[in-house]
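Shown next, in structure tokens, is the structure this report addresses.
The values are calculated or read from the model by the stated rules, or taken from the named source; none is laboratory data. Quantities reported herein were computed from a predicted structural model and do not represent experimental measurements. All Cβ positions, even for glycine, are placed from backbone atoms using ideal geometry, and neighbour counts span all protein chains on display.
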Amino acid sequence: MSSKVLPLNRRATSYDVALAAGVSQSTVSRCFQPDSNISKETRARVISVAKTLGYTPNAIARSLITRRSQTVGVVITDYTLRNTPNVLYLLSEALGNVQQRLILFAIESDESENAILDSAVEYPLDGLISCANMRPKHVNRFLEHHIPVLFFNRRTTMKNVDSILTDQVRGSGEMATALIKGGYQKFLCLSGPTNATVSRERIRGFNQKLRLAGLPTAEVIVTDFSYSQGRSMFTQALRQGLRPECVFCANDQLAFGVIDACRYDLGLNVPEDIAVAGFDDIPESDRPSYSLTTVRQMTDEMVRQTVNRFVQRLANPSSAAQHIVIPSKLVARSSAPIEG
């Protein structure tokens, strides 16, 4: 057996390992598959030679044989990536638990026509999880290449396309009902971009409950979902004469901006002068500096269900589409006293 160290300018191949270990290339490949039928002695010898030569298996070459790349594409909007990055971490962790890697495709917004999606289909993906809306033409391109598509926290009615999501309308409606029961009657809403469907559903659900209660619908201020615009747009609105009793924000980052605008720009107390509520329940919401009343998305459960459904879809590509709705939960804190 020979295991000479190769020149630095050349990467070791399975052929080099096979030659040095005195086995076939197919044996080398099987030694790197945990469930393969290889003796302990042969596996140990091959792994030792591979380590000496600096050899690692070529994932692309392996995917040509197995027809599986063990790579899942994730489409995500810039504002989701910026404001709720925990979603990406949870997806990466859950996919890793089923031996899948993640490749990220970031797009500007839900409705953007993006060249990234046109080229993403060229990657050897086992599947695509989209945390953004996609046009049917893009979805169909993936399906035509036998790449299953699952929507995360987005609705779809497309055939053979699964979705796992929070009921945004119900969650925000439950918040409105709780705030009304808390005695609030004059509301202002801060939304995300007009093309953000999640934001539209949250604001719609909130205003629906106001109408059912016989109250005027809330005026809506459009933002980019960010803390900075939450703070600046709210400050501007109050300086122009708006005086709501309570502000409902389409995400928690906006709510943080509103709370800090009250404190530092307007000289108002939360919740004594103005109550503030959000949606998402990101980790910062529980900090004493914000103590934000909000709607909790069960993100962990959504991720678990998404990855489970992905595994099922790989095993049975022609199965009927599933649309799984995960309930949300009201979280009562001091920014808007309600019964949780």
Check your understanding: Among the listed residues PHE248, PHE310, PHE256, which satisfies the condition of being within 30 Å of ILE147 (Cα to Cα) and in contact with a strand residue (DSSP E or B) (Cβ under 9 Å, 6 or more places away or on another chain)?
Key -> PHE310
Study note, to complete from the structure: Flagged pairs (Cβ under 8 angstrom, 6 or more apart or on separate chains; first in the range 160-185, at positive phi; second part of a helix (DSSP H, G or I) and not basic (Lys, Arg)) are ASN160/LEU143
Revision key, fill the gap. Picking from LEU179, LEU190, the residue that is within 15 Å of VAL295 (Cβ to Cβ) and out of contact with any helix residue (DSSP H, G or I) (no Cβ under 7 Å at 6 or more places or on another chain) would be LEU179
Check your understanding: Of (1) in the same structural domain as LEU254 (by TED's automatic domain parsing); (2) part of a loop (DSSP other than H, G, I, E, B), ALA178 satisfies all except one. Which?
Key -> (2)
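Looking at the range 222-244, which of the residues that are closer than 23 Å to PRO337 by Cα and crowded, with 17+ Cβ neighbours inside 10 Å is nearest to the chain's Cα centre (by Cα)?
So, considering only residues that are closer than 23 Å to PRO337 by Cα and crowded, with 17+ Cβ neighbours inside 10 Å, the one nearest to the chain's Cα centre (by Cα) is TYR227.
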Review point. Quick one: which strands (runs of 3 or more DSSP E) sit completely within the range 250-331 and have at least 2 residues that are touching a residue at least 24 places away in the same chain (Cβ under 8 Å), of a type in the set (A, V, I, L, M, F, W, C) and within 25 Å of SER199 (Cα to Cα)?
Key: 275-277, 323-326, 329-331
